[in-house]
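The values are calculated or read from the model by the stated rules, or taken from the named source; none is laboratory data. In this text the structure is predicted, and so the values were computed from the model without any measurement. Glycine also receives a Cβ, built like all others from the backbone with ideal geometry; neighbour counts cover every protein chain displayed. Please note that ligands, DNA and RNA were not included when accessible areas were found on the heavy atoms of the full protein model with its side chains. Shrake-Rupley method; radii C 1.70, N 1.55, O 1.52, S 1.80 Å.
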Amino acid sequence: MTKSDKTKRVRVTDKITEKSIATWNPEQPVIITAGTGVGKSYFVKNVLYKYAKADNQKILMLIHRKLCVEQFRMEIEEDDKSDVIEIMTYQKLEKNEMYEIDLELSQYKYIVCDEFHYFISDASFNNTTDISFKKIIGMSNTIKIFMSATGENVEEYIQKIVKVKPINYKIPFDWSFIA
């Protein structure tokens, strides 16, 4: 067995395929729990992109930090994928909701909430995280995808308070790559 065989980590795309995506529906949020470096963003930029494009659909990717938005947007533009994927901060969504500016979220078949632990972790210093969460979870014709390594509290909230059982994909954490 080679060293690369021993350290092969399970990736998001090993668990979620186009067949999986075909089973998703707007009533049941999708939660992807996976550590750093196992392909959450890769899945969105490649597998979900290809699936959405073939179906002439759009993806909105919400990200919690402006610097991350800029980096991700640059990658999307370099890969020529801005025809399907739009990037926005949660804070922009919250601001527009507060000022009643319609972002026409219904144009998106998929809303991806990256680092969705944002809804709880940032709530101690940002009193508007609930605005974006309520808007997203209330979208009736949109498939909601929540991705994080640390989203257990939000997952519990979705199950106990929103009273919806999400579709869960849990990628095993593997720290063997840390020397």
Apart from one, (1) open to solvent by 80 Å² or more (accessible area, probe 1.4 Å); (2) among the aliphatic types (A, V, I, L, M); (3) assigned to a loop (DSSP other than H, G, I, E, B) all hold for MET74; the odd one out is (3)
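How about the stretch 29-43: which of its residues are under 18 Å from HIS117 (Cα atoms) and either not in a loop (DSSP other than H, G, I, E, B) or not hydroxyl-bearing (Ser, Thr, Tyr) (or both)?
Of everything in the stretch 29-43, those that are under 18 Å from HIS117 (Cα atoms) and either not in a loop (DSSP other than H, G, I, E, B) or not hydroxyl-bearing (Ser, Thr, Tyr) (or both) turn out to be PRO29, VAL30, ILE31, ILE32, THR33, ALA34, GLY35, GLY37, VAL38, GLY39, LYS40, SER41.
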VAL154 passes all but one of the listed conditions (1) open to solvent by 60 Å² or more (accessible area, probe 1.4 Å); (2) more than 20 Å from GLU70 (Cα to Cα); the exception is number (1)
Flagged in the stretch 157-179 as more than 13 Å from the chain's Cα centre (by Cα), closer than 19 Å to TYR42 by Cα, at pLDDT 85 or above and surrounded by fewer than 15 Cβ atoms within 10 Å (Cβ to Cβ), in numbering order, are LYS170
Considering residues that are open to solvent by 10 Å² or more (accessible area, probe 1.4 Å), assigned to a helix (DSSP H, G or I) and in contact (Cβ under 8 Å) with a residue 40 or more places away in the chain, the number found within the stretch 44-67 is 1
Every listed condition ((1) surrounded by 15 or more Cβ atoms within 10 Å (Cβ to Cβ); (2) touching a helix residue (DSSP H, G or I) at 6+ places or on another chain (Cβ under 9 Å)) holds for ALA22 save (1)
Exception for LYS95 within (1) open to solvent by 30 Å² or more (accessible area, probe 1.4 Å); (2) under 16 Å from the mean Cα position of the chain (by Cα); (3) of a type in the set (Lys, Arg) falls at (2)
If we keep only residues of the stretch 98-136 that are open to solvent by less than 40 Å² (accessible area, probe 1.4 Å) and among the β-branched types (Val, Ile, Thr), then the residue nearest to ILE32 (Cα to Cα) is VAL112
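Could you grab me the full set of residues in the stretch 137-148 that are open to solvent by 20 Å² or more (accessible area, probe 1.4 Å) and of a type in the set (Val, Ile, Thr)?
The one that is open to solvent by 20 Å² or more (accessible area, probe 1.4 Å) and of a type in the set (Val, Ile, Thr): ILE137.
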